[in-house]
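Please treat every number below as a calculation from the coordinates, not as lab data. Remember, it's a predicted structure, so these values are computed and weren't measured experimentally. Cβ coordinates were reconstructed from backbone atoms using ideal geometry, including for glycine residues, and neighbour counts include every protein chain displayed.
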Amino acid sequence: MPSLAYPVPTDLSPATVKNTASLFRIVTLALISGAAIASRLFSIINFESVIHEFDPWFNYRATRVLASKGFYEFWNWFDPTAWYPLGRVVGGTVYPGLMATSGVIYYLLQALNLPVDIRNICVLLAPGFSAFTAWATYMFTKEMKDESAGLLAAAFIGIAPGYISRSVAGSYDNEAIAIFLLMFTFYLWIKALKLGSALYGTIAAVFYFYMVAAWGGYVFITNMIPVHALVLIFMGRFSHRLYVAYCSWYAIGTLSSMQVPFVGFQPVSTSEHMGALGVFGLLQLVAFANLVRSHVSSQNFQKLLRIAVVAIGALGASAFVFLTYTGKIAPWTGRFYSLWDTGYAKKYIPIIASVSEHQPTAWPSFFMDLQMLMFLFPAGVILCFRELRDEHLFVIIYAVLSSYFAGVMVRLMLTLTPVVCVSAAIALSSLLDVYLNPVEPDEEQDAVAQPAKSGPADAAPSTASSKSTSSTRGIFGIDTRLVVVFNTLWMLSFFVFHCTYVTSTAYSSPSVVLASQGQDGSQHIIDDFREAYYWLRQNTEEDAVVMSWWDYGYQIAGMADRPTLVDNNTWNNTHIATVGKAMSSSEENAYPILRKHDVEYVLVIFGGLIGYSGDDINKFLWMVRIAQGVWPDEIQESNYFTPRGEYRVDENASKTMKESLMYKMSYYRFADLFGGNQAVDRVRNQHAPKNIELGLPRRGVHVRKLDRPYLPSQERGHARAGSEERERL
Amino acid sequence: MFSIRRWCLLALSVASLLCADAKSSTGDSVLVVVDPKNQDQYSTFFEGLKDGGYDLTFRSPKAEGPVVIEDDAPNFAHVILLAPEARNLGKDITPQSIVQLLSRKTNVIVALPTKQSPLHSLAAEFSLILPPPNTPLISYFPKRDTPSTLIPIKIEDHSSPALTKHIEPVWFSGIPASLGSNPLLVPILRAPSESFASETTVTSGSADAVADSVERGGEGLWAGSSLSLVTGFQATNGARITFVGGAEIFSDELAQKETERHRQSGNAAFSREVAAWTFQENLVLRIDKVEHHPVNATEPNEQYTNNDQVVFSTYISKWNPTKGKWEPYSGLKDLQLEFTMLDPFIRTSLPPVRGAPGKYSTSFRAPDRHGVFKFVVDYKRKGWTSLESSTTVPVVPPRHDGYPRFLSAAWPYYTGAISTSVAFFLFSTIWLAGEVNERKRSKGSKAE
C-alpha cells in the first residue's frame, strides 16, 4: 500500500474526476487563447489599428485586391506599378495562403452581414491564429506526453515573445498563420505515424499544402519529416505505420503543393525537396525488402537483399548528384548556403546580408525571446531520450535542427520557439508530476523512476483506498513538495511578467508610426513616414515613378499608391543594383539612369535632424556594395571612405561620397535649419556640410522634378533594440 | 484622356487665333526691344511682320516696361532683341530671363553685337562659340565696291531646313559663330567658304594674317563655310530662338541694296523667313492624338497579353500659316514607332495611311515578355518641331486559362496517366474477383 503525502478526496467517482479534468482543460485552453490574443493587442492600444513594417503592407495591398476583385483576378494580377518598368506577376510570385485566408474570412463575415473592414481582418488575423497555434501545440504535446504538458506548452507558446515578435496585431505577415500550420502539420504527422493511418497522413498532406501556400518556410516541414523517417529507418524502427503515414503524406502533399503557382515544379526539380523524394524511394525499397524477406528464409538471399537495397540506395544518391551536376536539378540557393556558412552571404550575395534579420542571432535575444524556457529546453529534450518513442525522436531532431538554424539567422528563432515550448513543457510537467503526485513511494522504490505517465488525476482514484498517514517532513514530505512547487509557480509567474514586459515594450511598435518619450514621460507620436507617403499621394501625378531604396517599396505602393522601381520582394538583384548605382553616382551619371526609368521623384529618408539611425545614409554602404556587385568598374566601396578608412559625412568625407546623389539629397539645405550655427548630424554625431548644390541639369530647357520629403524621426531607446531586428543594416 | 483634353483646349485657342488673323501657331504679340533712334532703319522688317498679322510692341533698351515676364507668365508670345549696341537691354532682360522665356515657350530672335556683351554668354549656353570681340566676318570675294565686312551671300535652295522658299542672295554684316555639337541647333545661314572672322585693322585683316594662323594649325582661325551666321535653336519644349550675327541683315538699307545689277537683295524675304521659322509659323507639327487597340477591335485594351497583335495609330497635324490653322499632314515618310521597356523591343516604321489624312498606323505583335511597355513616337528632325509621344501600357502574361489546354506534344504523358489508371482499375477488379474465386475454391476443396 503506497502512502500519501497529503490527503486526497476519496468519495469521487472516476467519471466525475474525468469530466472535471476535461472541463478544466477546456476552460484553461480558452483562457490561454484569450491571453494569447490579448497580449498581442498592445500595438493597437498603444498606437492604432495599422499595418506594420514593410512586407505586411504588400500582403495587405494584395488582400485588398483579392477582397475587391475576387480570387481569379488576384491569381492573374499583374502589378505594373511594382518593379517599374518590369512589373510583377503577383499571382505567380506570391504565397497566396495568407491573403486567401483573410479573403475567406472577409467573405464569410460579409455573408453573415457583418460589414467588417478588410484592414481590421488583416490586423487581427495574427492574434487570432495565435490562439489556434496554442491549441495545435497542445495537441502536439499531448501526443508527446499528456494533457497537462500540453496545457503548459499551449500557455508557453501563447505568450512566448519569440513567437509574439511575428504575430502582434498588425504584423500581417506569412508567419502569422504559418506557425499554426507548422505545428498542426507536425501533430497530424505524429498522429499518422502513431496510428499508421492513411487518413491522418492525408490530412497532414492537406495542411502541408496549406502551409506551402502560406509560407516559404514550408521547406522546413519538407525536410523535417523525411529526416525523421530516415532516422527511424536507420534505427531499425521501420514499420508499416511509418510506410503508410509517410507515403500518403508525401504523395498527396507533393502533388498538392505543386498546385501553388509560385512553387510549381520545384518539388521535383530543386535540391531542397530532393531529400523528401529520396526518403520516399528508400521507403519503397525497404518495404519491398521486408516483404521479400518475410517470404524467403534463405540466409544468403537475405544478405543479397540487404546488399541490393544498399546498392540501389547508393545508385539513387549518385543519380541525384549527377542530375544536380548536369543542371537537371536546380542547385542549392544562396540563402541555403548562407545557413551553413554565415559569411557566405556577405561575400557573394550582399542583398541577403543587408537584411538584419538574416544576421546570426545574438545570445541575449535567446533569453529575451524565451526566458526560462531556454534552460528548461535541454531538460525536456533529455526527458525525450528517456522514453524515446518514435514521436520523441521527432522532438529531438526538431530541437537539434532548429537550434542550429536559430543560431544562424535571427528570423529562424521563430521555428525554434514551438519546440522550445514543447520540450520545456515536457520538462516542467514531469517535474510537477513528480512533486504533485500524492503517492509516497516505498523506501526501495527509486523516486526518479516514478512513471511520468501517472498524472495527479489518475493517481488520485488509484490510491483512494489507502489510509496511511501522510508525513509532513522528509524527502517525500509536504514541505519539500511545497518548496519545489512554489518555486516553479514563482518562475512561471515571472515568465508571464517578462513576456508581458517584452511584448509591450519591444515587439509592439508598428515601425511606420514611432513613439518617443519626453523627459517628463509624456509620449510623442512621430508619424513622419505616413505624412511623407501621403504627401506623395496628394501632390504627385498618379503615374509618377518614385525611386527609393527597396526597403520603402512596399510602403510607397501601399500608402502612396505610386509606381516604385524596387521593393521588398528582392527578386531582381540587377534592378536593385541599378537603384544603388543611381544613388551612389554623381548627379551627371545618375540623371541618365533616372531618365531611362522615367523616375520623377526620389525619396530619401534622412534622420540626422533628430537622430533616427535607420536612415538612408546609414544604409548607403549597402547600396554601394550591391551596386559594386554588378558594376565593379564604376562603383567601388573604398571610394566612399576617407583615406583613413572612416565613414564620414562631414567636411572630411571623400570626394565620391560628397558627389553622390544620396549624400547631396540628404544634406541639401540641411544647414539652413540651424540658422547659421554649425549644423550637426545627430545620428552620426558629425558636423553636417554646408552649401550643398543640388544642380538641376539644364539640357536645353528642361525642368526636372526631384523631390525630397524630409523625414526626420526620433531616437530609439535601448528598450526597443529588439524591434530593430527588421531594420536593414 | 488628359492629352485629348489638352488638345481640345489648344484647338479652342487656335480657333480664337483664327479670328485675330494670326499666322504663328503660338500667338501674335511681339515685343521688339529696339533703340527708338534706330527703329526706322528696320521698317521693312516690321511692316512685313505687321502684314503677317503680328501685333508689335516697341520698347527702348532703357525703358523699364512693358516687362517680358509678369507673375511667372510671359507677356508676349515672341520677343525680338534688335538693340545689339545697347550696353543693357533692361532690368528684366538678362540671359537668365531669356532662358526663362524659352522655358515658358516664348520665341526669341537675338541680334548679336560685335562688341562684348551679356548676349555673348547667352549664346555660349546654346553651344554657339563666338569669336573674340570685335572680330566681324570678312570676305574679299566677290570683288565689289562695298567694305569687306559687308558680304553678299548666296543661298542655295534647301540649304537649311528652316528656309522653305527660294531666296535671292542676301547682304550680311556681323559676326559668325562656330557651332557646338548640340543636336538642337539649326543653322540657317552659313558663311561663304572664302570668308573669315578677323579684326578690322589693316594688318590683321589682311590675307597674311589668315595664312599665319593656318600655319599655326588653325588656332584662332574663324573661317569657312562651317561657320554659321544665323543660327536657330529649338528647345525641347518646342520654343525657338534664333541668333543673328548682326542686326543689319534686317535693315531697310540692305533690303533695298542690289547684290547684282538690277537684282534686289533677298534680305527682306530672308528676314521674313527667319521670323516665320522662329515664331513657329513654318515646320510646326503636332500629334493630335494617339490610339492603340488590338487587331479586330476599336477600343483600347487596358493591358495587352504577350503575343497579342496590336494596332497603333497616331494623327499628326501641321500648322498652315497662310490659313492660320492646323491641317492633317501625311507628308512624314520616316516616322517610327518604338515599343520599349528600358530598351526598344520593337522598332518599326509608322507609315501614313492612304485615304486617311494625317493618320499614321502600324500593327505588330507584342513581345513575349511581360512588363510595362511604352509606345514611343520620337520624331526629331532639324528645323521641325520635335514630336514626342509616350503611352504607357502593361503587357501581361496570359491568364491562368489563357494557355492551350491540350498539347499534342503531351500525348505520351496523357497516355501514361490514362493507361496507369485503367491498369490500376483492371488490376483491382481482377484482384478482388480472383480473391473470391480462390476462397470459393478453398471452401469447395474443404467441403470435398
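Suppose the chain between A:ILE45 and A:ALA317 were pulled fully straight at 0.36 nm per residue; how much longer would it get relative to their current alpha carbon spacing?
Numbers: separation 272, 0.36 × 272 = 97.92 nm, distance 5.53 nm.
Contour length minus the Cα-Cα distance gives 92.4 nm.
Round to the nearest 0.05 the FRET efficiency obtained for A:ASP11 and A:ARG389 when R0 = 51 Å and r is the Cβ-Cβ distance.
Working: r = 36 Å, r/R0 = 0.71.
According to the calculation, E is roughly 0.90.
Counting only residues 5 or more places away or on other chains, whose amide H sits under 5 Å from the amide H of A:VAL599 once H atoms are built in the peptide plane?
Correct list: empty.
Whose amide H sits under 5 Å from the amide H of B:ASN320, counting only residues 5 or more places off or on another chain, with H placed in the peptide plane?
It is B:LYS325, B:TRP326, B:GLU327, by chain and number.
Partner chain Cβ atoms within 10 Å, averaged over the residues of A:111-124 - can you pull that number for me? Before the final figure, lay out the partial values.
On the way: counts 0, 0, 0, 0, 0, 0, 0, 0, 0, 0, 0, 0, 0, 0.
Mean partner-chain Cβ count within 10 Å for A:111-124: 0.
Enumerate the whole-percent occupancy of each 20 Å bin, from 0 to the last occupied one, for all C-alpha pair distances of chain B.
Result returned by the calculation: 21, 40, 21, 7, 5, 4, 2, 0.
May I ask you to derive the relative contact order of region A:556-671, considering only C-alpha pairs under 8 Å and at least 6 residues apart, and to give it as an integer percent?
Values: 127 pairs, mean separation 31.6, N = 116.
Worked out over region A:556-671, it gives 27 percent.
Using only alpha carbons, build the gyration tensor for chain A and give me the equivalent ellipsoid semi-axes, biggest first, whole Å. Display every interim value, and only then the final one.
Working: eigenvalues 544, 219, 113 Å².
With the √(5λ) rule applied to chain A, the semi-axes are 52, 33, 24 Å.
Testing the spin-label approximation: label points 7 Å from Cα along Cα→Cβ at B:ILE430 and A:TYR534. State their distance in nm.
7.6
At q = 0.12, 0.13, 0.17 Å⁻¹, what is the log10 ratio I(q)/I(0) for region A:170-264, with the Debye formula run over Cα points and no solvent?
-0.36, -0.41, -0.68
FRET efficiency for B:SER225 and A:LYS655, Cβ-Cβ distance as r, R0 = 41 Å, nearest 0.05? Don't jump to the answer; show the numbers that get you there.
Values: r = 44 Å, r/R0 = 1.08.
In this case the efficiency is close to 0.40.
Take the Cβ-Cβ distance between A:TYR72 and A:TYR404 as r, set R0 to 56 Å, and report the resulting FRET efficiency rounded to the nearest 0.05.
0.85
Sketch the reach of a paramagnetic label on A:GLN302 as a point 7 Å from Cα along Cα-to-Cβ, and name the residues of region A:212-249 whose backbone nitrogen lies under 19 Å away.
Backbone N within reach: A:233-240.
Per DSSP helix of 4 or more residues, -39500 (n - 2.57); summed, then divided by the residues of chain A. What does that give at 222 nm, rounded to the nearest 500? Intermediate results must be reported in sequence, preceding the final value.
Details: 30 runs with 414 residues, N = 729.
When only DSSP H runs of four or more count, the value is -18500 deg cm²/dmol.
Whole angstrom only: what separates the Cα centroid of region A:262-313 from the Cα centroid of region B:94-131?
The distance from the Cα centre of region A:262-313 to that of region B:94-131 comes to 86 Å.
Give a quick list of trypsin sites (Lys or Arg not before Pro) in region B:258-320 that DSSP marks as loop, anything other than H, G, I, E or B, with at most 10 other Cβ atoms within 10 Å.
Numbers: sites: B:ARG261, B:ARG263, B:ARG272, B:ARG286, B:LYS289, B:LYS318; in loops: B:ARG261.
Answer by residue number: B:ARG261.
Just for the Cα atoms in region A:513-654, what are the lengths along the principal axes, largest first, rounded to whole Å?
51, 42, 26
Taking every eigenvalue of the Cα gyration tensor of region B:323-433, multiplying by 5 and rooting it, what semi-axes result, largest first, whole Å? Present the calculation step by step, with values, prior to reporting the outcome.
Details: eigenvalues 676, 41, 23 Å².
Whole-Å semi-axes of the equivalent ellipsoid: 58, 14, 11.
Report the Rg/Rh value for region A:48-166, based on alpha-carbon coordinates and the Kirkwood definition of Rh. All intermediate terms of the calculation are to be shown ahead of the outcome.
On the way: Rg = 17.6 Å, Rh = 16.3 Å.
Radius of gyration relative to Kirkwood radius: 1.08.
When a/c reaches 1.5 or more, the comparison of a/b and b/c decides; with that in mind, is region B:130-192 rounded, prolate or oblate per its Cα gyration tensor? Walk me through the intermediate numbers first.
Values: a/c = 3.00, a/b = 1.17, b/c = 2.57.
The shape class here is oblate.
Is region B:97-201 best put as rounded, prolate or oblate by its Cα gyration tensor, with a ≥ b ≥ c the root eigenvalues, rounded for a/c under 1.5, and otherwise prolate when a/b is larger than b/c, oblate when not?
Details: a/c = 2.19, a/b = 1.31, b/c = 1.67.
It comes out oblate by the Cα gyration axes.
Please give the length that would be gained between B:SER181 and B:THR420 if that part of the chain were fully extended, namely 0.36 nm times their separation in residues minus their C-alpha to C-alpha distance (nm, one decimal).
On the way: separation 239, 0.36 × 239 = 86.04 nm, distance 7.39 nm.
Stretched fully, the B:SER181-B:THR420 segment lengthens by 78.7 nm.
Compute the length gained on full extension between A:VAL268 and A:ASP543: take 0.36 nm times their separation in residues and subtract their Cα-Cα distance, giving the result in nm to one decimal. Can you show the working numbers first?
On the way: separation 275, 0.36 × 275 = 99.00 nm, distance 4.12 nm.
Length gained between A:VAL268 and A:ASP543: 94.9 nm.
Just counting partner chain Cβ atoms within 10 Å, what average do the residues of peptide B:230-239 show around their Cβ?
Working: counts 0, 0, 0, 2, 1, 4, 4, 4, 1, 2.
Other-chain Cβ atoms within 10 Å of each residue's Cβ, averaged: 2.
Return the percentage of antiparallel bridges among DSSP beta bridges fully within chain A, rounded to the nearest 5 %.
70
Let me know the mean shielding of A:79-87 by other chains, meaning the per-residue number of their Cβ atoms within 10 Å of its Cβ. Numbers along the way, then the final one.
Details: counts 3, 11, 2, 1, 2, 4, 9, 6, 10.
The per-residue average across the peptide is 5.
Report the relative contact order of chain A, percent, no decimals, based on alpha-carbon pairs under 8 angstrom and at least 6 residues apart. Walk me through the numbers on the way to the answer.
Numbers: 1166 pairs, mean separation 112.8, N = 729.
Computed value for chain A: 15 percent relative contact order.
Over chain B, what is the relative contact order in whole percent, taking alpha-carbon pairs under 8 Å and six or more residues apart? Kindly include the intermediate steps, with their values, before the conclusion.
Working: 861 pairs, mean separation 59.3, N = 448.
13 percent.
Applying a 10 Å radius around every beta-carbon, put A:557-564, A:376-383 in order of their mean neighbour count, most first.
Numbers: A:557-564: 22.2, A:376-383: 20.5.
Highest-to-lowest ranking by the protection proxy: A:557-564, A:376-383.
With charges only on Cβ, +1 for K and R and -1 for D and E, what is the dipole size of region A:172-322 about its Cα centre, in debye, rounded to 20?
Values: 7 positive and 3 negative charges, 151 e Å.
For region A:172-322, the charge dipole is close to 720 debye.
So what's the back-of-envelope 222 nm ellipticity for chain B, counting only DSSP H runs of four-plus at -39500 (n - 2.57) apiece and dividing by all residues, rounded to 500? The partial results should precede the final answer.
Details: 8 runs with 107 residues, N = 448.
So the helix-based figure for chain B works out to -7500 deg cm²/dmol.
What fraction, in whole percent, of alpha-carbon pairs in region B:21-278 exceed 27 Å separation?
On the way: 11290 of 33153 pairs.
Cα-Cα pairs of region B:21-278 separated by over 27 Å account for 34 percent.
Tell me which of A:VAL227, A:LEU277, A:LEU193 sits at the most positive position along the dipole axis of region A:174-332, charges placed on C-beta atoms (Lys, Arg +1; Asp, Glu -1).
Highest projection toward the positive end goes to A:LEU193.
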